[in-house]
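The values are calculated or read from the model by the stated rules, or taken from the named source; none is laboratory data. Values in this document were obtained by computation on a predicted structure and should not be read as measured data. Virtual Cβ from ideal backbone geometry, glycine too; neighbours counted across all protein chains shown. SASA here: full protein model, heavy atoms, side chains in, ligands and nucleic acids out. Shrake-Rupley method; radii C 1.70, N 1.55, O 1.52, S 1.80 Å.
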Amino acid sequence: MTAPDHALSTVRARIQAACREAGRDPDSVRLLAVSKTRGADEIRALHALGQAAFGENYASELVEKHDSLEAPPTPLGLEWHFIGALQGNKTRAVAERAAWVHTIDRERIARRLSDQRPEGMPPLQVCLQVNISEEPQKAGVAPGEAAALAAAVQDLPGLALRGLMALPAAVDDLPLQREPSARLRALRDTLNAEGHSLDTLSMGMSGDLEAAILEGATIVRIGTALFGPRQSQSKESA
Ligand SMILES: *Cc1c(COP(=O)(O)O)cnc(C)c1O
């Protein structure tokens, strides 16, 4: 068990050091706390230390924690991000609760989220998940198909297309960690040159946030380094 104040200041210091090395403004990188498998009490503790954005991988966990922490009369007002695989029968629950979805890789799911976004809410901010290393069996649109998906998502009224997300295989070596992040950034630059205005690169986790920041990450998604190792490994396969 990591003390939450120590873990949070350590992660913030890593982000700041990486920004310094990259010559970037530390405010250009947002910390998303990945709270999958963690209890509402742990989210509350990090929120009390100033953390506002939380990422969930499972729709059922998003519903449970969101509805408990955002219940009247004292909703916390957190920013909820959905970062997991999304099935068609779970889109409504996410469209009604999330501010962001990072894992759009099919037009059908994007269309459902747009249709199901409640009227009074701002458009759902979305990233396209790209299978940037073209690994077999891995989620994400192929890099060569990202432009077509971006064009389709761009037109959906309930969504705001913000950028690209990647979940590369974990490796230890910094130069190797930088490669997939560099490719994601290059793909973002290509899409922008074709007329999009994507301002978000969601990449970098506990083990490779420095590499991702050096390559331009604007959101790093951090679980283990904030909360300690996850206990329920059985839920990890999704
Ligand atoms: C679990 C998860 C993370 C966080 O990974 P850590 O290595 O624990 O920091 C980030 N992104 C996604 C999509 C995840 O599923």
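Tell me, yes or no, whether the range 164-173 has at least one residue that is buried (at least 21 other Cβ atoms within 10 Å of the Cβ), modelled with pLDDT of 95 or more and touching a helix residue (DSSP H, G or I) at 6+ places or on another chain (Cβ under 6 Å).
Taking the range 164-173 and keeping what is buried (at least 21 other Cβ atoms within 10 Å of the Cβ), we get 164-168.
Filter once more, keeping what is modelled with pLDDT of 95 or more: 164-167.
Pick out the ones that are also touching a helix residue (DSSP H, G or I) at 6+ places or on another chain (Cβ under 6 Å) and you get 164, 166.
For the range 164-173, residues buried (at least 21 other Cβ atoms within 10 Å of the Cβ), modelled with pLDDT of 95 or more and touching a helix residue (DSSP H, G or I) at 6+ places or on another chain (Cβ under 6 Å): present.
For the range 89-115, a residue qualifies if it is out of contact with any Leu (no Cβ under 9 Å at 6 or more places or on another chain) and open to solvent by less than 10 Å² (accessible area, probe 1.4 Å), but none of them does.
Residues in the range 1-60 that are over 22 Å from GLN231 (Cα atoms) and hydroxyl-bearing (Ser, Thr, Tyr): SER9, SER28.
Listed by first and then second residue, the pairs with beta-carbon distance under 6 Å, at least 6 apart or on different chains, first residue in the range 204-228 and closer than 21 Å to GLU79 by Cα, second more than 10 Å from the ligand (Cβ to nearest atom) and open to solvent by 30 Å² or more (accessible area, probe 1.4 Å), are ILE219/ARG30. Scanning the range 210-221 for residues that are crowded, with 24+ Cβ neighbours inside 10 Å and under 16 Å from ALA170 (Cβ atoms), we see that the one that is farthest from the chain's Cα centre (by Cα) is ALA211.
Taken over the range 122-163, residues that are among the hydrophobic types (A, V, I, L, M, F, W, C), part of a loop (DSSP other than H, G, I, E, B) and touching a helix residue (DSSP H, G or I) at 6+ places or on another chain (Cβ under 6 Å) amount to 2.
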